[in-house]
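Novice: After the structure tokens below, expect a handful of questions from me.
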Amino acid sequence: MIKPDQRVFIGVTDPISKEIETPESVYELLLTAAKYIPVEQLGSTDDCGFSPFAYDISTAREVAYQKIKARLEGTKLAEMKLGLS
């Protein structure tokens, strides 16, 4: 059970995959999560975070930026659909 003072962040992008998520795929994940998590307590994040670019070649900087952009845009779409903005 989620306590009233807690916030739940779900991972909506995969930092290891080179495939770039779309804002629409992020939006769909958040709408699904909103069926189970109160929207006031729901947040989005990357699945695990991105490794430092200087030491890790698994995710190129530009790919990481595109994934983050998709997360932000998809989250904004979900906020509008759920009446939060």
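Read-outs: derived from the displayed coordinates by stated rules, not from any lab. Owing to the predicted nature of the structure, the values given are computational and were not obtained by experimental measurement. Counting neighbours? That spans all protein chains shown, and the Cβs are built from the backbone with ideal geometry, glycine included.
Novice: Could you work out how far helix 61-81 tilts from the main Cα principal axis of the chain, as a 0 to 90 degree angle to the nearest 10?
Specialist: With both axes taken from Cα atoms, the answer is about 10 degrees.
Novice: Of TYR27, GLN6, ILE16, which is farthest on the positive side of the dipole of the chain, counting Cα position, with +1 on Lys and Arg Cβ, -1 on Asp and Glu Cβ, and the Cα centre as origin?
Specialist: The listed residue farthest towards the positive side: GLN6.
Novice: Roughly how many whole Å is it from the C-alpha centroid of region 1-33 to that of region 66-85?
Specialist: 10 Å
Novice: Let me ask something additional. For the chain, what number of Lys pairs, 8 or more residues apart or on separate chains, have alpha-carbon atoms under 16 Å from each other? All intermediate terms of the calculation are to be shown ahead of the outcome.
Specialist: Working: LYS18/LYS67; LYS18/LYS69; LYS35/LYS81; LYS67/LYS76.
Counting lysine pairs in the chain gives 4.
Novice: Take peptides 1-13, 33-45 and line them up by average Cβ neighbours within 10 Å, highest first, as a rough protection proxy.
Specialist: Values: 1-13: 12.4, 33-45: 14.2.
Ranked from most to least packed, the peptides come out as 33-45, 1-13.
Novice: Sticking with this one: As I understand it, the value is the acute angle between the Cα axis of helix 23-33 and the longest principal axis of the Cα atoms of the chain; what does it come to in degrees, rounded to 10?
Specialist: So the helix axis and the longest Cα principal axis differ by about 40 degrees.
Novice: Continuing with this model, one more query. Give the dimensionless ratio obtained when the Cα radius of gyration of the chain is divided by 2.2 N^0.38 Å.
Specialist: My calculation over the Cα atoms of the chain gives 1.15.
Novice: What are the residues whose amide H is under 5 Å from the amide H of ILE10, where those residues sit 5 or more places off or on another chain and H is modelled from the backbone?
Specialist: Sorted by chain and number, the residues that satisfy this are GLY43, SER44, THR45.
Novice: Which residues does a label at VAL39 reach in region 1-29, if reach means a backbone N under 16 Å from a point 7 Å past the Cα toward the Cβ?
Specialist: Only 8, 27-29 fall inside the zone, counting backbone N under 16 Å.
Novice: Order by neighbour count: GLU73, GLU24, fewest other Cβ atoms within 10 Å first, most last.
Specialist: Values: GLU73 16, GLU24 12.
Ascending Cβ contact count within 10 Å gives the list GLU24, GLU73.
Novice: So, one more: Just to check I understand the Karplus step: with θ = phi - 60° and J = 6.51 cos²θ - 1.76 cosθ + 1.60, what whole-Hz values come out for region 3-20, glycine and proline as x?
Specialist: Computed from phi, the couplings for region 3-20 are 6, x, 8, 9, 10, 10, 9, 9, x, 10, 10, 9, x, 8, 6, 7, 5, 8 Hz.
Novice: Expected output is a single nm value to one decimal: the length gained when fully extending between LYS81 and LYS18, i.e. 0.36 nm times separation in residues minus the C-alpha distance. What is it? Don't skip to the answer; put the middle values down first.
Specialist: Numbers: separation 63, 0.36 × 63 = 22.68 nm, distance 2.83 nm.
Residue separation times 0.36 nm, minus the Cα-Cα distance, leaves 19.9 nm.
Novice: Efficiency by 1/(1 + (r/R0)^6): what FRET value for VAL63 and THR32, r their Cβ-Cβ distance, R0 = 30 Å, to the nearest 0.05?
Specialist: Values: r = 25 Å, r/R0 = 0.82.
Computed FRET efficiency for VAL63 and THR32 comes out at 0.75.
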